[in-house]
Amino acid sequence: MSTATEVATLPRRSIVFPGLASLATLARRRFQLTVRTPRELIVPLVTPILFALVIAPALKEALHTSADYESLVAVGTVGLLIPLNTMFSGLSVIGDREQGAQRELLAAPIRRPLLVLGNLVVALTITAFQVVTLLGFALARGIDFNASGRGVIWFVAAAVLFAVGMYGMAETLASRVPTQEEYISRVPAIAIVPWFLAGSLFPISALPDWLTWITKFLPLTHGLAVMRYGLLGDTSGLHNIWGTHDATAMATLSLLVVAAFAALMVAVAIRTFTKAASR
Amino acid sequence: MTATKTKESAMIEVRNLSKTYPGGVEAVRGIDFDVGVGEVFGLLGPNGAGKSTTVGMLTTTIRPTAGRARLGGFDVATEPLRARSISSVVFQDPVVDRVLTGRRHLDLHARLWGVEFAGARARIDELADALGLANLLDRPLASYSGGERRRLEIARALVSDPRVLFLDEPTVGLDPRIRHELLDVVAGLRSRRDMTVLVTTHYLDEAERLCDRVAIIHAGRIAALDTPDALLAGLGREIVELRVAGDPGSALARLRARNVAGSDAFAVGATVTVPLHDRGAGDAIAAIHELGLAQTIGARKPTLDDVYLRLTGDRLAGAA
């Protein structure tokens, strides 16, 4: 074996948009790692698809509800899919720290928030793929959506902002807990409990008054109300939160709530990661 | 950005650098040293001595509690991006993505360190040839042996052509043959006169073989800093080592009283080590026999292990 003494040439350095180039590099790495771990793509899809395609039609039959109920639950399951998928993405951050190359990334001449944002880009991409898959299955199953182009924009905005916020929460948790086991033990409380309370399967007005009041503070309640408004034209969720009849104003307010949640959680995630990265 | 801000002076400057972890563990306690351009500098000490914490602070992954450190003139606390841009690290533990290929690891490093695409490709090929990795690059890291993975990590650190290279215990956990092979690789880096290397190790032979200067670090403090030859010269031409039956402290006192041992003689457990500066080993052994102190006795050349023992009272390999 020869030695490194033969190496002499000096590579030139690229200085065009270093932040964007680094972000793309980090996202590409995360994506390559993720596609080699199929469980991260498939597992989060199983439960929501089960709900949308099996449980919702069964409930409709058992409770003699209308076809609208299947549509309501199909959108409601997006509110389960997004937290499950983003939490699974957060799990890989712990894997990176325990067995992966995170320390090499921390020694790189890039701003550390980019590491969080690179992961976020991939989490959003995979979530988008999964949401489209879920809705595709629902359409194939004959579930009806009544969306205009403008409605789709409302839906996408709410889904993206909610996913950003949930990923921020996942990354924060991943930076704070030492092991994957501890992380997994906290996922139900963060991803599943709010889903039952946020009007996913029934309107929040069906809950006791005090609980209805509490659910109005859940970002998912606002996210689902906007998603249903966008995809189904259903304003009842928004009305249950705000109590007025101006659909656009209510949707705007709820979207602002979800946007504030997203901004806050990403800021917390970056701060927590940066602090944890430099002991 | 230029890496030659302080080319005339030290490439690594460390002043009163300290780290106290939450809970009050003082890992590094006010160390000072300079490393010149192109120098290979060793931090020698057992596990827990503060070597990796020092490297962590210099690579900006650990925040100093006090003091200052600069790489190429860039302060690691206030200019961390610039400090990181001129340095690379080979970590003590495996720091790889096992499912990605070797080539992908090198490419990722090149991109993150801003190496131009065409230059990076050429450099990766050069390094792969130089480090015997050419046939491995397209395999995932999971299939690499320990030695192959270590060579890949060294190649990765060199892709960005760093001005400062940190090697944190580069051969720990490797079998003797691979360790020897890897030492050859690291020794080859010495000829890169523009690259400063800081290597931490608890293997004495590594420090002697690789380093221009060595700092012996113990309990977070630098106990001695000099060239390996100068450190060894402090212990004379030869040493006599004797195993005593009774109290080694009183044996040492008797040896000093008879002028067989000087102030630099020391005892660890039941073994007393006597550096010989002015007299030959034969004379010293005869004098010790006259005192009837030794169960066993022998003479040999001093090693850095003896230097370390004299300074710290611990046996280096055992502590590690």
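Considering each residue of the range B:113-126, count those that are in contact (Cβ under 8 Å) with a residue 12 or more places away in the chain, under 27 Å from A:Arg36 (Cα atoms) and not β-branched (Val, Ile, Thr), and give that number.
Residues meeting the conditions: 3.
Give me a count of the residues in the range B:72-107 that are within 20 Å of the chain's Cα centre (by Cα) and among the hydroxyl-bearing types (Ser, Thr, Tyr).
2
Quickly run through the range A:201-220 and pick out the residues that are closer than 17 Å to A:Ala259 by Cβ and touching a residue at least 24 places away in the same chain (Cβ under 8 Å).
Answer for the range A:201-220, where residues must be closer than 17 Å to A:Ala259 by Cβ and touching a residue at least 24 places away in the same chain (Cβ under 8 Å): A:Lys216, A:Leu218, A:Pro219, A:Leu220.
Identify all residues within the range A:23-39 that are modelled with pLDDT of 90 or more and within 7 Å of chain B (Cβ to nearest Cβ); write none if there are none.
Passing the criteria: A:Thr25, A:Arg29.
Output the residue which, of all residues in the range A:176-200 that are assigned to a loop (DSSP other than H, G, I, E, B) and in contact (Cβ under 8 Å) with a residue 12 or more places away in the chain, is surrounded by the most Cβ atoms within 10 Å (Cβ to Cβ).
By that ranking, first place goes to A:Gly199.
Within the range B:97-136, take every residue that is of a type in the set (Asp, Glu) and surrounded by 23 or more Cβ atoms within 10 Å (Cβ to Cβ) and give me the one that is nearest to the other protein chains (Cβ to nearest Cβ).
B:Asp97
Just the residues that are surrounded by 16 or more Cβ atoms within 10 Å (Cβ to Cβ) and either more than 22 Å from the chain's Cα centre (by Cα) or not in a helix (DSSP H, G or I) (or both), please, taken from the range A:201-210.
A:Leu201, A:Leu207
For every residue, the table says whether it meets (1) crowded, with 24+ Cβ neighbours inside 10 Å; (2) farther than 19 Å from A:Leu264 by Cβ.
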| site | (1), (2) |
| --- | --- |
| A:Tyr69 | no, yes |
| A:Pro83 | yes, no |
| A:Glu98 | no, yes |
| A:Leu139 | no, yes |
| A:Ala158 | yes, no |
| A:Leu161 | no, no |
| A:Thr172 | no, no |
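Counting only residues that are more than 10 Å from chain A (Cβ to nearest Cβ) and more than 26 Å from B:Gly36 (Cα to Cα), which one in the range B:173-197 is surrounded by the most Cβ atoms within 10 Å (Cβ to Cβ)?
Checking each candidate, the answer is B:Arg179.
Within the range B:59-73, count every residue that is surrounded by 24 or more Cβ atoms within 10 Å (Cβ to Cβ) and within 11 Å of chain A (Cβ to nearest Cβ).
Qualifying residue count for the region: 2.
Could you list, in sequence order, the residues of the range B:139-153 that are surrounded by fewer than 22 Cβ atoms within 10 Å (Cβ to Cβ) and either in contact (Cβ under 8 Å) with a residue 60 or more places away in the chain or farther than 20 Å from A:Gly100 by Cβ (or both)?
Passing the criteria: only B:Gly147.
Sort through A:Val46, A:Val78 and tell me the only one that's at pLDDT 90 or above and under 18 Å from the mean Cα position of the chain (by Cα).
The conditions single out A:Val78.
Here's the yes/no breakdown for (1) surrounded by fewer than 18 Cβ atoms within 10 Å (Cβ to Cβ); (2) in contact with a helix residue (DSSP H, G or I) (Cβ under 6 Å, 6 or more places away or on another chain); (3) within 21 Å of A:Leu80 (Cβ to Cβ):
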site: A:Val226; (1), (2), (3): no, yes, yes
site: A:Tyr229; (1), (2), (3): no, yes, yes
site: A:Ala251; (1), (2), (3): no, yes, no
site: A:Leu255; (1), (2), (3): no, yes, yes
site: A:Val266; (1), (2), (3): no, yes, no
site: A:Arg271; (1), (2), (3): yes, no, no
site: A:Lys275; (1), (2), (3): yes, no, no
site: A:Arg279; (1), (2), (3): yes, no, no
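The values are calculated or read from the model by the stated rules, or taken from the named source; none is laboratory data. Only a predicted model underlies this, so the values are computations on that prediction, with no experimental measurement involved. Ideal geometry is used to build each Cβ from the backbone, glycine not excepted, and the neighbour counts take in all protein chains shown.
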